[in-house]
Structure formats: C-alpha cells, structure tokens
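Presented below is the structure to which this report refers.
The values are calculated or read from the model by the stated rules, or taken from the named source; none is laboratory data. The shown structure was predicted, so the numbers you read here are calculated from the model rather than taken from an experiment. Here the Cβ is made from the backbone with ideal geometry for all residues, glycine too, and neighbour counts use every protein chain on show.
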6 protein chains.
Amino acid sequence: MRPSGRQTNEMRAVSIETGVTMHAEGSCLIKCGNTHVLCTATIDERVPPFLKNSGLGWVTAEYGMLPRATNKRMRREAKNGQSGRTQEIQRLIGRSLRAGVDRVALGERQIVVDCDVIQADGGTRCASITGGWVALKLAVQKLMKSGDVITDPLVDPVAAVSCGIYAGQNVLDLDYPEDSEAGVDGNFVMTGGKLIEVQMSAEGATFTRTQMDGLLDLAEKGISELTEAQLAAVG
Amino acid sequence: MRPSGRQTNEMRAVSIETGVTMHAEGSCLIKCGNTHVLCTATIDERVPPFLKNSGLGWVTAEYGMLPRATNKRMRREAKNGQSGRTQEIQRLIGRSLRAGVDRVALGERQIVVDCDVIQADGGTRCASITGGWVALKLAVQKLMKSGDVITDPLVDPVAAVSCGIYAGQNVLDLDYPEDSEAGVDGNFVMTGGKLIEVQMSAEGATFTRTQMDGLLDLAEKGISELTEAQLAAVG
Amino acid sequence: MRPSGRQTNEMRAVSIETGVTMHAEGSCLIKCGNTHVLCTATIDERVPPFLKNSGLGWVTAEYGMLPRATNKRMRREAKNGQSGRTQEIQRLIGRSLRAGVDRVALGERQIVVDCDVIQADGGTRCASITGGWVALKLAVQKLMKSGDVITDPLVDPVAAVSCGIYAGQNVLDLDYPEDSEAGVDGNFVMTGGKLIEVQMSAEGATFTRTQMDGLLDLAEKGISELTEAQLAAVG
Amino acid sequence: MRPSGRQTNEMRAVSIETGVTMHAEGSCLIKCGNTHVLCTATIDERVPPFLKNSGLGWVTAEYGMLPRATNKRMRREAKNGQSGRTQEIQRLIGRSLRAGVDRVALGERQIVVDCDVIQADGGTRCASITGGWVALKLAVQKLMKSGDVITDPLVDPVAAVSCGIYAGQNVLDLDYPEDSEAGVDGNFVMTGGKLIEVQMSAEGATFTRTQMDGLLDLAEKGISELTEAQLAAVG
Amino acid sequence: MRPSGRQTNEMRAVSIETGVTMHAEGSCLIKCGNTHVLCTATIDERVPPFLKNSGLGWVTAEYGMLPRATNKRMRREAKNGQSGRTQEIQRLIGRSLRAGVDRVALGERQIVVDCDVIQADGGTRCASITGGWVALKLAVQKLMKSGDVITDPLVDPVAAVSCGIYAGQNVLDLDYPEDSEAGVDGNFVMTGGKLIEVQMSAEGATFTRTQMDGLLDLAEKGISELTEAQLAAVG
Amino acid sequence: MRPSGRQTNEMRAVSIETGVTMHAEGSCLIKCGNTHVLCTATIDERVPPFLKNSGLGWVTAEYGMLPRATNKRMRREAKNGQSGRTQEIQRLIGRSLRAGVDRVALGERQIVVDCDVIQADGGTRCASITGGWVALKLAVQKLMKSGDVITDPLVDPVAAVSCGIYAGQNVLDLDYPEDSEAGVDGNFVMTGGKLIEVQMSAEGATFTRTQMDGLLDLAEKGISELTEAQLAAVG
C-alpha cells in the first residue's frame, strides 16, 4: 500500500555516523532512508544577552537545505533570506533540544546545533532533531571530559518522527511521496517516554481524536527505535 | 488559583463586533478578554501564480501586532522585517482557515485575511483564527449576495483556543500571566467538531498522553463556545 | 460643492477617546471624520546615543497603516519595508511634536509616539500629530504625577490640519475624495497660535501667495478647533 | 552678521556648467557656493506601469551624496540603504520637476534625473532641483532636435532656494553653518513666478505669518536670480 | 618544511566520488585533502533573459559554506546575506566553467552548478571549480544520452589549483595553515593546457615575475594531476 | 587598429588634479582618458575591532559608480544594494593599497578611501587604485605635517593598469570599446617595480604563458608612466 512497500508501522532504515567533520565539537550524518542531514554542534562560551550572569546555559539551532537537496532545485536562501518554513523548523529544533537539557548543569555557555539537509525525502525536521541531539551529546561529552561540565545536562535522548494519514491509513515515518499526498500529518517529539512537542496539521481535511491517538501510538513505537539508534551512536 | 480568578475550564469573555471598518469586504473586532484583534477580509480576483486557471480559490492570512499592543513596546516590524514568530503565526492562521473552505465553491479568487493585534494579553493567534473566520465569512456573504459565488464555500466555523498546564493544572484559554508561566501549552483549531491543527509545546518540561487528553477536553469545550459567538456574529 | 456637503471652512467631526489601551503610558483613538488613528505614547528611560548625559529629553514618532485601512488593500510594510511616504510622515510627526516640548523640563528620557491608522479617509498625518500630542500629554501627566518630571514640558498643544484648493476653492480639512483631486494641498502644524511646519505641494499646478494666505486662514481656524478638542481630552 | 559676510538677501555665487558627462542626454554641474551637485538626465522610452498606454510622460528623480561630500564622512548608502532623508529629498525633486512639465507634450516616455552631491555646504536639495531642471531641459532639447517631441513640454524653469531665520534675521540661501544653527528654515520651489512647493520647518522654535512672508519675499528674489542662470545655461 | 610534511610540489590526496545525491542531474563529492565540497549540477531549460532566443546555453555557479565547515563557526549566510567573498568566489567558478563550454553545442538551456563546502581546509574555490566541472560533465552526459544535446559542449576538463609563497618557498596546493600564513598566493584555472584565469594576490608583501613563473610551473603540474582524476571520475 | 587610434603600447592621457573637495583629508580627480574617478581619503582615529590595541593601522576602500557614469543608466546601488562586481572591486582596491602601506608606521588609525566613478570608459578599478593612492598619500602628508605620524608609511606609489588581447594583439590600457570585445583581459597592480596583484580572465577564450608575459611587459610600461604622474601630483 505504501509507495515504498513498508508496513504502516515500519520506519525507514536509520543510520547515524558520528565524527563526520574535523572541526565541530560534535557531529553526525543521520540517514533516515533517503533523507540525509549533517548535524554539527558548536560550543560557544558566550550566551545570548538575556542570559548574561544567569548561570544558565542555552541551546539553539539553525537549519538549512542545500539548493539541490530536493527534486526540484530551490533558490539558495543565502541569496533570498530564510523562508518562513525554515525559520519555523529551526525554532522547533531548538525548542525540542532545549526541552531535554538541564540548563543549570550545562553552565553559562551556548551550544549551536546546525542541521543542514544534504538530501531530502520527507521528514527533514524530525531527522534534524534526532541527529541534532546526537551532535549535541557528543559536544557535551567533550565538555565533561575536559571537566568544564560536571553533571551530564543531557539525561534522555530527544528524538522525533512524523506520522500521518496516507490513503486512509495511519502510517509511520512518511517519506516525500507520502508526505505530499497526506491530508493529515504530524511531527512528534519525545524524551524519556514523554512528549515534548506535538504538531498536527490538516490541509484540506480534518481528523478525530481517535485518529490522533492512533498516530501517537505509531510515534511512540518509532521514537523508541530512534532512541536506540541514538544511544548506540553516542556509545 | 488562576490569576484572573477564573475556573480551570472557564473562557474569558468573548465579543465579536462586525463591520468595524468602512473599506474591507468583511471585518470584525474580536475581544477575548483583554486580547483585541482587528480582522479584515479583502477579496482579490487574482490568485497566486500556482493556481492560475485551476478554478480553485485561495485563502491566505497576514498577522501583525501594533508596537505597543504589549506591555513592553516591541520594535516595529515595518522597520525590522517580520520575525520568525510572526511568520509562523500567519502560516498557521492561513492553513487553519483554508481547512474550512471548499476551494471549488469559492471559485478562482483569493481572500486575504489581515489580523492585527490592537492589544495583547495572550492567545492572539487563536483570537486571530476565530475572528479571521468571521471576517472571511462576511466577505463570502457579500460574494454570495452579488451572485459571484453560488454555493457557500464555508460550512462550519473554524475556531481556535489555547490550553495549557498552569501551576500543575490543566486550564482553558490562557491569558498572558498564565502563558508566560506555563511549562506546557497548546493551540487547538477545530471545525465541525473535528480537529484541524494541534500544536503542543513544552519548554523546560514534558507532558503525558493523559495530560494531553485533558487539554483536548478543555479545548473542545472552549471551541464550542467560540463557535456559538461566531455564528451569532455572522447572523 | 464639497463631496461631503461641508462648507469650505468646515472641519469634519472630531472625537478623541483617551485611555484606549491597557499597556501604553498614554493613548487615544482620534477620529477626524472617517480617518481613525490609534496613538500610543511609550516612556523609555534610555535616550538615543547622541543625547547620552546631555540632560535633554527626546520625542520621536513612528507611523503605520493597517493594510486594509484604505479602500484598496496595501502591501504590508512589515513584509516590504517602510515606504518613502511612511518615513517622510513619521519624520514630520516627530519633528512637530518635538517643537512643542521643553526638552530640559522633560529630562533625559525618550517618549516614543506610535500612530497607527486603523481607517483612512485623508488627513492621516494631521490626525496623527493632533492625536499623538494627546497621547504624549497623557504620558507626561503620568511622569508628573509620579514626580519624575517637575515642570510640565508641554505648554501648548501641537495640532495639524490640511487645507487645499479643490474645484477652484480653498477648503479646510480635506477628506480622501477631495485630497485625490486637489491640485494643491498643504499640511499646517501650529502650537500656541504660531506655526511650526508648513508643507504645501502642487502636483500638476501652481499657487499664488494670495491663495497660500487663504489656506493659512483656514488652517488657523481649523487648528483652533482641534486645540479645544485636545484640551478637553486631556482634562 | 552672516558667517560668510553676505547680506541677508544675498545669494551665494551660482555657476552652471553644462555637458559635463559624455553619456547622459542632459547634464550639468551646478555650484551654489561650495555646494556642488552633478545632475544628469536619462531618457527612457519605457514609462512606469501605471502610465502604460496613457500617452502621458513621466519625470522622476534620484538623489545621492558621495560619502565624503560632507565634513564628517557619512556611511555609503549603497551598503546601508537609502535613509529617510534621502528618500524625502528625491521625492521632492521629482514632484517639483514634474510640476513644470507638460506631460502630454512630453509623450509616453520617462526622464530620470540623477542628482549626486559631490560637495555639500547646505542647500543640496535646492541646488538639485535647480540643476536638475537644466539637465532635464537639455535632454528635452535633444528630443525636440530629433523630432521625437514637437511641442516643448518645459515652459518656465523650475528653481528652488532655501531661506531661514538665522540669528534673529531672515536670510536668503543658507549655507551649512547657518543651516545647522537656524531654528526655522524653509525650501521654496517656484516656476513662472508662482509657487510649487513650500516646506517650512521649525526645530525647537516657532514662526509667525509675518516672518513667513519675509522669507517668501527673499525666496522670490533668489529664485529670479537662479532662473536667469538657468536660462543662460540652456541657451 | 610544510606543516603537512608534503614536498613543495606535492598535491594533497584527491578523490572524486560521483553520483552522491539522488536528485541532481550530475553530482560529486570532491576531497582535496581535508577540503570537501559537494558539487551538483541542475539542468534548467530556461535561460537568463539576456539569452532568450539566442540559441546559446549558459552555465552559472553558486557557492556556499556550511557554518561549521571551518574551525571557527561562521554566521549562516541565509541569515546575513552572501558576503563579498562568497559572491567573488561564485563569479569565479561560473566564469571558469563557462570558459570550457561550447555554448552553441549546449543549446539554449542553463546548467546551474552548486558548490557547497562541507569541510574547509584551504583551496575551497579551486576544489569547487574542479569538482564543479565533474558535476557539469555528468549532467551533460545525461543530455547527450537522451539526445537533447548532440555534440559534446565540454571538450577538455576545467581544473584549478592554488599556489603560493610559504616560508619563502613556492608551494603547490596550499592547505589552510599555509594559506593563512602565505604573503602571496594565487589561484590558477586551466583547460586543455591553457590558462583561463590567474588571480595572484599579495597581502603585506610583493612578488616578482620570476616568482610568478615558478608558481605557474607548479600550477601546471598540479592541474595535470587534477585533470587525470576528473577524467577517471567521469569515465 | 585600436578604436581610439592608439598604439598597442600607448596609454590614454592621464591627469590627476588634487585638492578637489573642501572636506576630505586627501582628494583627487583622476582622468584616464574618458574614465574619471573622484578619490577621497578620510582619516578615522578608530580602527576595525580586530585591530583594537594592536598598534597597527588599516586602509580600506569603497567603490561606487554614479548611475549615469555609463552609457546605459545603471540602477542606483543605494536602492538595490552593492552588486557582486562592486564588492569585488572595492576589496581589490583596499587590498592593493594596503600592500603599499607600512601599517606600523601608520599607527593605530584607519584611512578610508572612497573611489566614485563620475564617468566610465573602461579601467575604472585601475584608475581607482592609482588615484586612490594619491588621495591616501595626501592624507598621510597631513598626518605627518601635524606630527601624528613620524615615519612615512607610504614608500612607493601603488598603481594599476589593465591590458588585454584585442583583435589578436596585446594592448595596453583598454578603453570600454576594447574591454567589451576582448576575450582575455587582466588587471595588474604594482609598487616599487614589483607585483602586488595580477587578475587575468578569459571569457570564451584561453591564453598562453607567452601571451601573459607580453601583457606583463605592457603593464610594466604603463605603470611606470602612471607612477610618474602620481609622484608629480603629490609633489
């Protein structure tokens, strides 16, 4: 039924390769099927002005797509400015990652997570959150090794997956052909078995609470698989 | 328990005054407590390029806040460009309103809904959706009166409300003092008793599916009250 | 002779409602016929850099129009930047208000006056100056009540009116139908019976000194009426 | 009394050199004392969209200052965008020049007048209007010579001068030391002995109608001298 | 003598992996030591306006760096606009690639080459040209296979290398530690054994024609090695 | 053979007039044939942030063209932002001038050189460098006269000329008709008989090392003539 031949509750193959750039304090290349995102974490000892002398840390994210990450070439945002969609996604990534951080334990410093989509096939924001957490964790491990951070500010992984109603059925982890047809889809972010963010949207359709429950079931299943992959990646 | 003394499942007073500007094809001033939003609907016989010769209509929205709509004066976006938050909100309003439109019945024309916040006290995006639908409906009534539209493209009202967890309790229709303290809050958009959009977010917290269900119960109650006010306003 | 049926030297009905927003230190909604402008005054204890440690205060203004304040919807300036016309108007408002301020008495603080046009029917810049002064006065009254300012820095009201040559006759307080047809029009700003600013412009026409004198006579009459309304509004 | 030693009703030396660039259809370098402005006129056979197929011509102007035209180097507008002041000035120049054009006689084409200040010592907008008219006239002469225009669309020269109240006295043609001290100053644009534009402004002062009349007397005298120089320049 | 231990005339290891993205008509990942650039070629059947109906093709390039491609994180250009350096580089890449294209044979279509630096260690513009040509060639091969292009418009590879004077010696293929210390460096672009572009620059130094000749000798050696790698990559 | 009738190794007439503006610390109007550039040097006692407390000086340059400096009017960069070409040129001018400066001798201050093209006929960047050095030198002479600088930080003039292959022949100092036809052209910057910058480019052509040597011979001849003119100008 699904274009890819997957079961309705079947994730795409996930791989997370770490240490992929020589410069960043933490980095990984996450592949969720054909969606490939390069995530790097940069430690910055300065915090944004509103946190000066607060003792609290900060995590923020930026998101981008290479112009030909998609089937049809997109205009380069460096020439045209960030779209509303891009800004919305990077706000979501930052908010999601922060929800899994003990900002006191992190101490007054900032970590910037860059998520750049090398190849897109649906679910880039979810892959960015999942891979972004891995990059963040690796950077934090460096801070703990050097003694700059004592208590681990990252307890449980933060991971995200999309679910939607495709051809009348609830399906897990939409790829682009599904995403572009689905009347209802959602992004779910969880940590430690609990929810952080739920974003469900219908365009030209509606959904019931029962359907929403079904999607949440799928999301829980998918996220537990992603969490395993994250923990394996960060050792 | 709530700063305003309201019950946990109690909405703020809602009023919707229509016909508030002499120029727009549809308009209203919606007041949800101290949150006041001026909504206007403009009929434009041209559609965006991707809909040319499709026979389909379009509804889009723009959102703004007067600089001193808030307690602390904000920088004027006309001087600094729209923030990511503003863009995110106006995308939500447009998507929500479109979900309640029969675009074939509307015919190949566009309606632009402007939502401008005159005074803010929490829940401006929800008030914009609820009031925006009223302005849209009034503009459509004009098109039907003139015979330009035959079948009503707007069947059920689209309305939105926020809910959140404040001081450990699920509460309906957060005002600003609650919103700025709540660790979890969400915006819920419904039409005809079904969901269109759910956006739940935690900053520095998490939530369970049980809590989410509680918030959905509250949202359903609030939205049914808003729908009554909308129907009364559009006669 | 005039589209509205007014006498050549007759103002539109003026009303000034104060205290219209809960947040601003001073505010009013001024209605000059169908032109409605919301004016708010914000006290900012910081002055612009060039006044640091000067002991002198500052008053500045910003101006905007809601996109559907006009008959034809205008593009939102938050998306496109402020037009030259908008910048010219807000410079005029700021300059006019400052001309009526004793900047030593105000002390080293800034008051920002926002003038946002809710509905436009000609004469928006003049209504902004007249209403802006009322909002400014109310904010200053607050500073005097709290003892932060001792001597009133605002002696006489600053008010403005437009006049022009319509259908060959000098007329007072042009509405939009007149303004769009007038070959010559002008804006006049006065305080305490004296002039602060005169801006007369011809597009596709010229004018004599005699005609100019006639317009000044009308302006004086109109401004004295506006001043009464201002004084009534600020008690 | 004046820093330059001039009489109160004495203009600075004016010179207008024509044909100063090899490319433009009309050009001049106007010097009003130490204020030097290079004016060029470019004929463009396309008109702005709102004039397509109207048979009417258009004249527009752009204004700029070289960064070190002033005593203190200004930031380059190509890097920072045009200031509000620049936009206000170029709107004034365009409006003033158009007031002296028979747009039917010009025919459906546009002439763009560029006024670039090489050296500034007060009065740059007035010098731009006066010199801009000369460049415009030279371009029109070319169109008449080639037979593209039959009836001269420029009858009387358009010229401008500033006047103000300096050290308590009405003075003609303010230079920068006067301009920066004057509490009241104005710019006056005339054609054929009649007024086109009057812009009087007080910063930290007021003025009476009697004072205004005195400034208008000075302006008439100055403009008649400028007009002679313009007519001599265009032969 | 060199930080990397290389001989003065020794290139870094070069690898070119093709077909690295599923969407682009041509793509490769070129690695010149630790400098990694992802190059994609997009076929666009529309040409820029100035080539409409000319029968001539066009090749253009865009260049970017991921924010953490460098040792110190750079600001994201999507948020801040393209720097002068970025624009200069992408103009160089486009010009260089066009110099190796028979634009008649290509036919009236455009190929856009995107060069995005994943990891930087000096020489990113040269790697972009060398890898960009490979992506371009692969896209052209697709056009030839489909019969849309008959005669190969790309005869000889276009390749580029940097050389400079480091610690008093002429060295080939500077890495970042060398590049940041070299007083003189240059970029050389060649095709078919001939030069297309030479850019030599001294900052705080000068160079003689003899030194320049030495650098050209090195460049010729390096480019012949790059050309072999290019030909191997495109089969 | 050349459109101008010049010999292949013949420069255009060069004149350098100094002291052309009353405000700048150093200024000249350089004319290379019909290419006229106004160069001013501004002394700024503040250095860019990265040089604070370094004891080192800085020289930077900005470049612009009046809109009608060219045959066809260009869009004003103040309205549209600086083009890539403009940024590339001003970076070249700044880099070239800095190469001839002893930054220790200059002391911790900045000199900004503005090069504004009044009339263009090819070679504007070279004229800007040559004239820019003169303006810079005059400003430095002022600093030495006042005792703010003790040792002259400018030993040898920096000058630049373009050469290219036109109609199959190497020619010196291309004017616009040659420049727009030449398949290969280059800009050469020298000081004290040595090279600082070489930029050779082919569009739709290639060149050999022998041809390049021929162009360098021409450049050396041209630059020695420019250097004489510079030295005469600065006395």
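For this structure, a couple of remarks:
- The single residue among C:V59, C:V113, C:V47 that is farther than 30 Å from B:G132 by Cβ and within 20 Å of the chain's Cα centre (by Cα) turns out to be C:V59.
- Test for E:A61: is it in contact (Cβ under 8 Å) with a residue 40 or more places away in the chain, in contact with a Gly (Cβ under 7 Å, 6 or more places away or on another chain) and buried (at least 23 other Cβ atoms within 10 Å of the Cβ): yes
- Selection count where residues are within 14 Å of chain D (Cβ to nearest Cβ) and closer than 19 Å to B:R75 by Cβ, scope segment C:46-63: 6
- Selection count, segment E:38-59, where residues are of a type in the set (S, T, Y) and under 16 Å from E:L136 (Cα atoms): 2
- Wholly enclosed helices (runs of 4 or more DSSP H) of segment A:28-144 bearing at least 1 residues within 27 Å of B:I89 (Cα to Cα) and among the charged types (D, E, K, R): A:77-80, A:84-99
- Residues that are in contact with a Cys (Cβ under 9 Å, 6 or more places away or on another chain) and among the hydroxyl-bearing types (S, T, Y) within segment D:129-179 comprise D:T130, D:S162, listed in sequence order.
- Screening the candidates F:E197, F:E203 for the property of being over 20 Å from F:G33 (Cβ atoms), among the charged types (D, E, K, R) and under 13 Å from the mean Cα position of the chain (by Cα) yields one hit, F:E197.
- Scan of segment D:17-45 for residues that are away from chain F (no Cβ under 14 Å) and surrounded by fewer than 22 Cβ atoms within 10 Å (Cβ to Cβ), ordered by number: D:T18
- For the criterion of being more than 8 Å from every other protein chain (Cβ to nearest Cβ), free of Cβ contacts under 8 Å to residues at least 40 places away in the same chain and closer than 30 Å to B:R46 by Cα, C:M144 fails.
- Per-region count, segment A:64-78, residues under 22 Å from A:T42 (Cβ atoms) and either more than 9 Å from chain E (Cβ to nearest Cβ) or touching a residue at least 24 places away in the same chain (Cβ under 8 Å) (or both): 4
Condition check ((1) under 30 Å from E:G183 (Cβ atoms); (2) surrounded by fewer than 20 Cβ atoms within 10 Å (Cβ to Cβ); (3) among the hydrophobic types (A, V, I, L, M, F, W, C); (4) within 14 Å of chain E (Cβ to nearest Cβ)) across all residues:
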{"position": "F:N80", "(1), (2), (3), (4)": "no, yes, no, yes"}
{"position": "F:G84", "(1), (2), (3), (4)": "yes, yes, no, yes"}
{"position": "F:E88", "(1), (2), (3), (4)": "yes, no, no, yes"}
{"position": "F:L97", "(1), (2), (3), (4)": "yes, no, yes, yes"}
{"position": "F:G107", "(1), (2), (3), (4)": "yes, yes, no, no"}
{"position": "F:K137", "(1), (2), (3), (4)": "yes, no, no, no"}
{"position": "F:T151", "(1), (2), (3), (4)": "yes, yes, no, no"}
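- All told, F:V113 falls short of being away from chain D (no Cβ under 14 Å), touching a strand residue (DSSP E or B) at 6+ places or on another chain (Cβ under 7 Å) and surrounded by 23 or more Cβ atoms within 10 Å (Cβ to Cβ).
- Enumeration of residues in segment B:172-192 that are over 16 Å from the mean Cα position of the chain (by Cα) and either more than 20 Å from A:A99 (Cβ to Cβ) or of a type in the set (G, A, S) (or both): B:Y176, B:P177, B:S180, B:A182, B:G183
- Condition met for D:D217 (modelled with pLDDT of 95 or more, more than 20 Å from the chain's Cα centre (by Cα) and surrounded by fewer than 23 Cβ atoms within 10 Å (Cβ to Cβ)): no
- In the set (1) within 14 Å of chain C (Cβ to nearest Cβ); (2) touching a Leu at 6+ places or on another chain (Cβ under 6 Å), D:S201 fails one condition alone, (2).
- Candidates E:A202, E:A167, filtered to the one that is out of contact with any strand residue (DSSP E or B) (no Cβ under 6 Å at 6 or more places or on another chain), at pLDDT below 95 and over 22 Å from E:K31 (Cβ atoms): E:A167
- Residue selected from segment F:1-27 under the condition aliphatic (A, V, I, L, M), in a loop (DSSP other than H, G, I, E, B) and in contact (Cβ under 8 Å) with a residue 40 or more places away in the chain, by the criterion nearest to F:L172 (Cα to Cα): F:M11
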